[in-house]
Amino acid sequence: MPKTTARTAGALALLLAGSATLSACASDPTAAKSSDGKAGGAVTVGLTYIPNIQFAPFYVAESKGFYKEAGLKVTLRHHSFTDDLFGALTGGQEDVVYAGGDEMLQARAKDLPVVDIATLYHTYPVAMLVPQDSPIHTIADLRGHSVGTPGPYGETYFGLLAQLKAGGLTAKDVNVQHIGFTQQAALVGKKVDAVMGYLNNDAVQFQQAGLAVRPVEGTGDASALPLVAAGLGATKATLDQRGDDVRKFVAATLRGVQYTIDHPDEAVSISKTYIPGMNDQKQQDSALAVLKATTPLMQPPTAGKPGLNDPATWDKMATFMKDAGLIDKPVTPTDAFSNNYLP
């Protein structure tokens, strides 16, 4: 994955605000210290992009008092465009980070000791989008055509490679163009025949602009892809030293996720206090549209458990990413995730 998830998160939801950094209340200096020297119950979470509606579950968990009820003092730390995704985590400035499971697997391949402790998106959020009247209906139809993706990184690129493989193609069979975050302009201007985009962002933007697009057959149902989407990660040292706090944080965050799913209008209202400039009704409407499109992605499988990392998907992802050259060396999946911190 990229050096910073601005590339991932920037496409995950509509860009609603500038790069203000948010902070929760400061830690009480008289509080009991944990074994790593941090105040007991003080947790800093790295939100890997500027304030944005995609982080609504965290805003909800803090605003509704879920973290406080769990005995935690949580600081929401937004990253800038230039921040290294895992730099603050491995440097000890953050206790937990919000990132993709695929990104965490790449980190493990580079010997960074990050562990995925909860999946927040149970469906991979990207799809291949084409104009409604496009002759491209299946991945096989893409042979010889052009497809645009922001760049050779992140979920849109991982999803492209996975979808091509599922359709019996490789990147050599199509004309892959790196177009930055200009999917709408590139598709409307016919610079490419298809684009890789987010179901809860790019598809929403096309709809709001009155442009008729559709996912290529099968790519809008991304649950079958061998990829793990956004979740929570922590270092092994943090898990060993502060396991109880981590469990409380995961449980409270999952409460925030479910509350956001159940109350999207209220979640948008709560998020206004965290996202600068989100007082405009048009922006709020856009945020609500994104949130409603995100709800199906956050829902666990019918018989599944919220936050659960699926071992079979992790096994498939480790094999796929190694074969696709997305990681340089094999990674043992069971080292890269854990379900021991779920409520």
> Any idea what angle helix 154-166 forms with the longest principal axis of the chain, computed on alpha-carbon atoms, 0 to 90 degrees, nearest 10?
Replying inline: 50 degrees
>> Compute for the range 97-158: radius of gyration divided by Kirkwood radius, i.e. Rg/Rh, restricted to C-alpha atoms, rounded to two decimals.
In response: 1.10
>> Using alpha carbons only, how many angstrom separate the centre of the range 271-316 from the centre of the range 159-198?
In response: 24 Å
>> Heavy atoms of the protein only, probe of 1.4 Å, neighbouring chains included. What is the accessible area of Asp315 in Å², nearest 10?
In response: 80 Å²
> Which value, in Å², gives the accessible area per residue of the range 186-243 when a 1.4 Å probe is used on the protein heavy atoms?
Replying inline: 40 Å²
>> Run the reach check for Lys329 against lysines, Cα to Cα strictly under 27 Å, same-chain hits fewer than 8 apart removed. What comes back?
In response: Lys3, Lys110, Lys165, Lys172, Lys236, Lys316
> With all protein chains present and a 1.4 Å probe, how do Glu103, Glu266 order by accessible area, largest first?
Replying inline: Glu266, Glu103
> What shape does the range 123-220 take by its C-alpha gyration tensor, where a ≥ b ≥ c are the square roots of the eigenvalues and a/c under 1.5 counts as rounded, a/b above b/c as prolate, and the rest as oblate?
Replying inline: rounded
>> Give the residue list of trypsin sites (Lys or Arg not before Pro) in the range 118-179 that are DSSP loop and have at most 14 other beta-carbon atoms within 10 angstrom.
In response: Arg143
>> Can you give me the long-range amide H partners of Val43? Hydrogens built in the peptide plane at 1.01 Å from N, cutoff under 5 Å, separation of 5 or more residues or another chain.
In response: Lys73, Val74, Thr75
> If the label point is 7 Å along Cα→Cβ of His145, which residues in the range 194-225 have backbone nitrogen under 16 Å from it?
Replying inline: 194-197, 212-221
> Amide H neighbours of Leu308 under 5 Å, counting only residues 5+ apart in sequence or on other chains, H built in-plane at 1.01 Å?
Replying inline: Thr119
> What does the accessible area of Lys329 come to, in Å² to the nearest 10, when a probe of 1.4 Å is used?
Replying inline: 80 Å²
> Given the protein chains as shown and a 1.4 Å probe, how many square angstrom of Thr302 are accessible, to the nearest 10?
Replying inline: 150 Å²
> Using 7 Å Cα-to-Cβ label points, what is the Lys329/Thr138 separation (nm, one decimal)?
Replying inline: 4.1 nm
>> Tell me whether the range 180-321 comes out rounded, prolate or oblate; compute the Cα gyration tensor, take square roots of the eigenvalues as a ≥ b ≥ c, and use a/c under 1.5 as the rounded threshold.
In response: oblate
> How far, in nm, would the chain grow between Leu112 and Lys68 when pulled straight, counting 0.36 nm per residue and subtracting the alpha carbon separation?
Replying inline: 12.8 nm
> Scaled to the compact-protein estimate 2.2 N^0.38 Å, what is the alpha-carbon radius of gyration of the chain, rounded to two decimal places?
Replying inline: 0.96
> What does the helix-only formula give at 222 nm for the chain: each DSSP H stretch with n ≥ 4 adding -39500 (n - 2.57), the total divided by the residues, and the result rounded to the nearest 500 deg cm²/dmol?
Replying inline: -10500 deg cm²/dmol
>> Sort Asp84, Asp245, Asp141 by heavy-atom solvent-accessible area, probe 1.4 angstrom, most to least.
In response: Asp84, Asp141, Asp245
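The values are calculated or read from the model by the stated rules, or taken from the named source; none is laboratory data. Everything quoted here is computed from the prediction, not taken from an experiment. So basically every Cβ, Gly included, is an ideal-geometry build from the backbone, and we count neighbours across all protein chains shown. Keep in mind that these areas ignore ligands, DNA and RNA; they rest on the heavy atoms of the full protein, side chains included. Shrake-Rupley method; radii C 1.70, N 1.55, O 1.52, S 1.80 Å.
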